[in-house]
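Single-structure report; data block below.
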Amino acid sequence: MSKIHIPPSSEASSEQDAQQQVELARHPQRPYTLDYLDRMVTDFVELHGDRRYGDDGAIVAGLGFIQGYPVAIIGHQKGRSASQRRRRNFGMARAEGYRKAMRVMRIAAKVGHPILTLIDTPGADCLEQSESRGISEAIAANQRDMFTLPVPIVVVVIGEGGSGGAIGIGVGDRIMMLEHSYYSVIAPESCAAILWRDSSRNEEAASALKLTAPDALNLGVIDSIISEPGEGAHTDYGQAANLVKEAVLGALTELGDIPPAELMAARYEKFRKMGQPKELQ
Amino acid sequence: MTTVDDIPSNLWEECPLCHQLLYTRALEKELWVCPKCGYHFRLHSAQRVQITVDEGSFIPWDNDLPLVDPLQFPGYREKVQQAREKTGLNEAVVTGRATLAGIPLGLGIMDLAFIGGSMGWIVGEKIARLMERCVADQLPVVVFCASGGARMQESLISLMQMPKTSGAVGKLGEAGLPYIGVLTDPTYGGVTASYAFLGDVIIAETGAAMGFAGPRVVEVTNLNLPRGVQTAEFQYEHGMIDILINRQQLRNTLRILLHWFGGTRPEHSENAGASSTALLGEMTDHE
């Protein structure tokens, strides 16, 4: 299906490699949150709305079962056809999406069930609609509050890990990335436009940003990488979903026995230590 | 209490929306949803019990609360007495314990036939006791709301049922127990501004009318609300409702939610595929 060549090594060494990862993460046939839910979750009941303003199609949130275990699941959804993309706002979530996400996470916290978030966004929505409803506050509050949820939180970057839009549902106890996803503070072309006033230097930026899964692992931002089938997740949705499911179940099993207070303290420490220079450790 | 058998049954019913004449027994099989236009007939509490929980499992609670008339409101005592005789209910809400697909739960069902399903002290008391007893018994709670709003004849005492019931919902939450609110046609006023909209999960039946101020109150203000504002669909679009659903999907949805909250796996749950996507409903991105 894909014409994109993938280097055999998982190490993104050259500029070209990093850019290829970005293109794969954005591949139009790449499985989205709902494609994973269809294959790894049973009896999913979607919940809607932020009880404040509206319901954001760019974030899907609900309650379901993974291998029989009840889990609250939150994920960005991009949409594939033109009409879906409009409805999903290209996976760019608005304030009401982040508030819905927190509302559903709190339901899980209340009854002691774990949370899974799937990240796949080019970035949060930044238009007037979002400014007027407090997109910054919504993302900020989610990060603050995700530290205080007394249940295991597993985060998987399945496609694009676009900056604030990603971290708004990205605080957790186990952070994983799919092999060909990326996670970055900014899209490479935007980075090139800002730093060098030349968005065509996107390949250079992609490499410099250290946005691939191995890069993120080296940086200590993520805990593990989930491998993808064949030339990428888009070549085999079923196998991709199986690999994600296995990884999620593994993480949930590890986290299941940790007392809530310890879990939250470790979560805080985990993020507290990210990027800390060696000499200070 | 009223049983389904006591409700006078006609051979035919006319759909209030599309005016189709419907054979009553067929309509019953459709759970009182018009097969032609989808209109959801309003249900008595006994009918709701019948289509929702396991047969014979419902055990009513607090059915013996005495008549109250805190303001000595003219004609109120008689009105309540008449409602009791007419409906066989002691008030506008029926509460108790039941099982749904074998799962025990606390249940509240409001009944419009009793003074428009309005909330006075007894309704508030029964709801609060339901929540408190479910905290003690560690049960999840499902409440079916249908109400014209506050009970005017109890004035401030009626108003104070709003904080009382809201606080009781909070107790349930503190105990880590789930509360599912089901909004049915119509739900207005004091009930919407208290326990109706405090569910962890809020479900609404399609086409149900609902709003903060009832139609007659709005009329008095001389300000017209645009058509369609006070509907389940409007509330859903504006983020207030989790699940907008046809009555025929309701029981199964409640079953799955109760399993999820209880941490037990629903039966007949195949590994992904058709059975799980059935509930995805409009969320699915397949075109």
Roll a 1.4 Å probe over the protein chains and send me the accessible area per residue for chain A in Å². 40
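Multiply the residue gap between residue B:229 and residue B:29 by 0.36 nm, knock off their C-alpha separation, and tell me the result in nm, one decimal place.
So the extension gain works out to 68.9 nm.
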From the protein chains alone at 1.4 Å, what is the descending order of accessible area for B:57, A:83, largest first? A:83, B:57
Enumerate the amide H contacts of residue B:93 below 5 Å, restricted to partners 5 or more residues apart or on another chain; note that Pro and chain-start residues carry no placed amide H. B:111
Once Lys and Arg get +1 and Asp and Glu get -1 on their Cβ, which of B:177, B:37, B:220 lies farthest toward the positive end of the dipole of chain B? B:220
Between residue A:242 and residue B:218, what is the FRET efficiency for a Förster distance of 60 Å, r being their Cβ-Cβ separation, to the nearest 0.05? 0.65
With N residues in segment B:43-286, what two-decimal value do you get for its Cα radius of gyration over 2.2 N^0.38 Å? 1.02
Inter-site label distance for residue A:137 and residue A:86 at 7 Å from Cα along Cβ, in nm: 3.1
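Inside 10 Å of the C-beta atoms of A:94-100, what's the mean count of C-beta atoms belonging to other chains? Present the calculation step by step, with values, prior to reporting the outcome.
On the way: counts 0, 0, 2, 0, 0, 1, 2.
Per residue, the average neighbour count from other chains is 1.
Excluding ligands, DNA and RNA, what is the accessible area buried between chains A and B, summed over both sides, using a 1.4 Å probe, to the nearest 100 Å²?
On the way: alone 12830 and 14810 Å², together 24340 Å².
So the total buried area for this chain pair works out to about 3300 Å².
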Counting only Cα, what are the radius of gyration and maximum Cα-Cα distance Dmax of chain A, in Å? 17.8, 52
Determine how large the accessible area of residue B:236 is when every protein chain is in place; take a 1.4 Å probe and give Å² rounded to the nearest 10. 40
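For each pair in A:100/B:126; B:126/B:171; A:78/A:100; B:29/B:79; B:79/B:171; A:78/A:110, compute the distance between the two Cα atoms and list the pairs where it is over 23 Å. Intermediate results must be reported in sequence, preceding the final value.
Values: A:100/B:126 31 Å; B:126/B:171 15 Å; A:78/A:100 17 Å; B:29/B:79 34 Å; B:79/B:171 33 Å; A:78/A:110 29 Å.
Correct reply: A:100/B:126; B:29/B:79; B:79/B:171; A:78/A:110.
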Tell me which residues come under 5 Å, amide H to amide H, from residue B:210 once H is placed; ignore anything under 5 positions away on its chain. B:187, B:231, B:232
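Keeping every protein chain present and rolling a 1.4 Å probe, give me the accessible area per residue for chain B in Å². Please report the intermediate quantities before stating the final value.
Numbers: 13160 Å² over 287 residues.
In whole numbers, chain B has 46 Å² accessible per residue.
Over chain B, what relative contact order in percent results from Cα pairs under 8 Å that are six or more residues apart?
On the way: 493 pairs, mean separation 36.3, N = 287.
This gives 13 percent for chain B.
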Based on alpha-carbon centroids, what's the gap between segment A:210-281 and segment A:24-99 in Å, whole number please? 20
Can you tell me the dipole magnitude for segment B:43-286 around its Cα centre, using point charges on the Cβ only (Lys, Arg +1; Asp, Glu -1), in Debye to the nearest 20? 420
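Give me the percent of DSSP beta bridges within the protein assembly as shown that run antiparallel, rounded to the nearest 5.
On the way: 29 of 69 bridges.
Here the antiparallel bridges make up roughly 40 percent for the protein assembly as shown.
Evaluate the charge dipole of segment A:33-103 about its Cα centre and quote only its size in Debye, nearest 20, assuming +1 on the Cβ of each Lys and Arg and -1 on the Cβ of each Asp and Glu. Mind showing how you got there, number by number?
Details: 13 positive and 8 negative charges, 76 e Å.
Computed about the Cα centre, the dipole is about 360 debye.
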List the residues, sorted by chain then number, that are 5 or more residues from residue B:246 or on another chain and whose placed amide H is less than 5 Å from its amide H. B:206
Taking residue A:278 as the anchor, which lysines have their alpha carbon closer than 28 Å to its alpha carbon, excluding any fewer than eight residues away along the same chain? A:210, A:270
Taking B:142-152, B:246-256, B:68-78, A:49-59 and ranking on average Cβ neighbours within 10 Å, highest first, one gets B:142-152, A:49-59, B:246-256, B:68-78
Could you give each residue of segment A:76-83 its phi-based ³J(HN,Hα) in whole Hz, using Karplus coefficients 6.51, -1.76, 1.60 with θ = phi - 60°, and x for Gly or Pro? 6, 10, 8, x, 10, 7, 4, 6
Scattering profile of segment A:3-126 at q = 0.17, 0.18, 0.20, 0.23 Å⁻¹ [log10 I(q)/I(0), Debye over alpha-carbon scatterers]: -0.90, -0.96, -1.08, -1.25
Take residue A:208 and residue B:155, extend 7 Å from each Cα along the Cα→Cβ direction, and tell me the distance between the two endpoints in nm. 7.4
Aspartates and glutamates near residue A:245 by alpha-carbon distance under 15 Å, same-chain residues fewer than 8 away left out - which ones? A:35, A:38, A:179, A:228, A:236, A:254
What part of the accessible area of segment B:50-150, given as a whole %, is carbon or sulfur when the probe is 1.4 angstrom? 51
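With charges only on Cβ, +1 for K and R and -1 for D and E, what is the dipole size of the protein assembly as shown about its Cα centre, in debye, rounded to 20?
On the way: 52 positive and 68 negative charges, 212 e Å.
It comes to approximately 1020 debye.
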Would you mind giving the mean number of other chain beta-carbons within 10 Å of the Cβ of each residue in A:31-44, as a whole number? 5
At a Förster radius of 25 Å, what calculated FRET efficiency corresponds to the Cβ-Cβ distance of residue B:57 and residue B:10, to the nearest 0.05? 0.30
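Among the helices of chain B (complete DSSP H runs), which have Cα atoms covering no less than 15 Å along the helix axis and a Kyte-Doolittle mean of at least -0.5? Intermediate results must be reported in sequence, preceding the final value.
On the way: long enough: B:76-87 (16 Å, -2.23); B:121-137 (23 Å, 0.26); B:161-174 (19 Å, -0.53); B:247-262 (23 Å, -0.42).
Qualifying helices: B:121-137, B:247-262.
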Pairwise label distance in nanometres, residue B:171 with residue A:16, each label 7 Å out on the Cα-Cβ vector: 7.0
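The values are calculated or read from the model by the stated rules, or taken from the named source; none is laboratory data. Note that the structure is a prediction, hence the values are computed from the model and not measured. Cβ coordinates were reconstructed from backbone atoms using ideal geometry, including for glycine residues, and neighbour counts include every protein chain displayed. What goes into the accessible areas is simple: the full protein's heavy atoms, side chains included, and nothing from ligands, DNA or RNA. Shrake-Rupley method; radii C 1.70, N 1.55, O 1.52, S 1.80 Å.
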